[in-house]
1. What's the center-to-center distance, using Cα atoms, between the stretch 94-139 and the stretch 227-247 in Å?
2. Mind putting a number on the dipole of the chain about its Cα centre? Charges go on the C-beta only, +1 for Lys and Arg and -1 for Asp and Glu, and I need it in Debye to the nearest 20.
3. Fewest Cβ neighbours within 10 Å first, please rank M218, M271 accordingly.
4. Just to be sure I understand, if you calculate volume of the Cα convex hull per residue in Å³ for this structure, which of (1) 130; (2) 185; (3) 173 do you get?
5. With springs only between Cα atoms under 10 Å apart, run a GNM on the chain and tell me which of G148, G33, G75 wobbles the most.
6. Quick check: net charge around G9, other residues with Cβ under 11 Å of its Cβ, Lys/Arg +1 and Asp/Glu -1?
7. Sequence-distant or interchain residues sharing an amide H contact under 5 Å with Q141, placed H: which?
8. Would you list the membrane-span-like helices of the chain, meaning whole DSSP H runs whose alpha-carbon atoms span at least 24 Å along their axis and whose mean Kyte-Doolittle value is at least -1.0?
Amino acid sequence: MEDFIGREGYSREGIERDHLSVESKKARIKEQGTEPTKRAQILEALLAEQIELSDWFGPSALTILPSEYDDLYNGVDTAIEFEDKDGFQYLAAGVDITSSAQAVQEKIAKIKKRIAEGKLTRIKYFESERNKDRKPGPLEQVPLLIIGTEGRTIRELSELWLTIHRTKLAKKDGGTVLSEESQANQRQITKEAQKKIAEHRIQIMLLEQIEKQLTVFMEYAKKIKKNEIAKKYEDLLELIREILKEKEITDEDQEKNEEDAVNAAIEETLMQFDSLPID
């Protein structure tokens, strides 16, 4: 947030007020015992890394970790920037990442309310990595999407990540020097883990979660005559469907995705979307 001091629309006093708001909200969250779980934090970090490193959301996707203010007050754990396949259209979305099936309905109900009010998410502290013509400043009317997975999958991904980074971590900690044969064996294990995480089934599950939400949100926005909002969802939907065309999954992995508790909660909530309250 300090990087924005002196930029148009951002005063030192305003940023200090936002810092105080962040500390106040963090204290309330701690008091209420609703702090993010370790597994949720791990999932956020893994997704931010692999979306870019392994092209989980296609080769054009870039991730931006938001300020604490936008995380706590606007519900954005990660912002994702896309370009269409011809590089002409710039699109951005906010992502709320969850490892809790119980939290899904409330989160999607809030999105429905925002659509009904014609006011999508705002990212107050935003600087694009891709759109250099855009000055740093608030990004308005940002589509917010919910993605997530259960603890079992997070553990699986964490183990792969640790396998990939084990050698680096051992060196950092002054671990034992390995023989050439052991080093070669470790490189092979690392290579296999990198391939597994790059091709992991979760990327298709998350893209399908996004596709289903965009479809439901777009249809709802059209139904209530929020045409500009509907167009945002429609443009993103077209892009996500193009990305999914390039992905492949085995029947076994698809079955694992369908059994995922968070994935199932998202799908069930979307099926009940019309009856979700917006009070």
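Each reported figure results from applying straightforward, stated rules to the coordinates on display, with no laboratory input. Just so it is clear, the structure is predicted and the values come from calculations on it, not from any experiment. Every residue, glycine among them, receives a Cβ derived from its backbone with ideal geometry; neighbour counts consider all protein chains shown.
1. 16 Å
2. Details: 44 positive and 57 negative charges, 140 e Å.
In total the dipole reaches around 680 debye.
3. Numbers: M218 22, M271 11.
Exposure proxy ranking, most exposed first: M271, M218.
4. Here the calculated entry is (3).
5. G33
6. On the way: positive: R7, K124, K135; negative: E8.
Residues near G9 contribute +2 overall.
7. Long-range HN contacts for Q141: L120.
8. Working: long enough: 12-32 (30 Å, -1.55); 151-172 (29 Å, -0.62); 180-198 (27 Å, -1.65); 202-223 (32 Å, 0.13); 227-245 (27 Å, -0.42).
What comes out of the filter, once short or polar helices are dropped, is 151-172, 202-223, 227-245.
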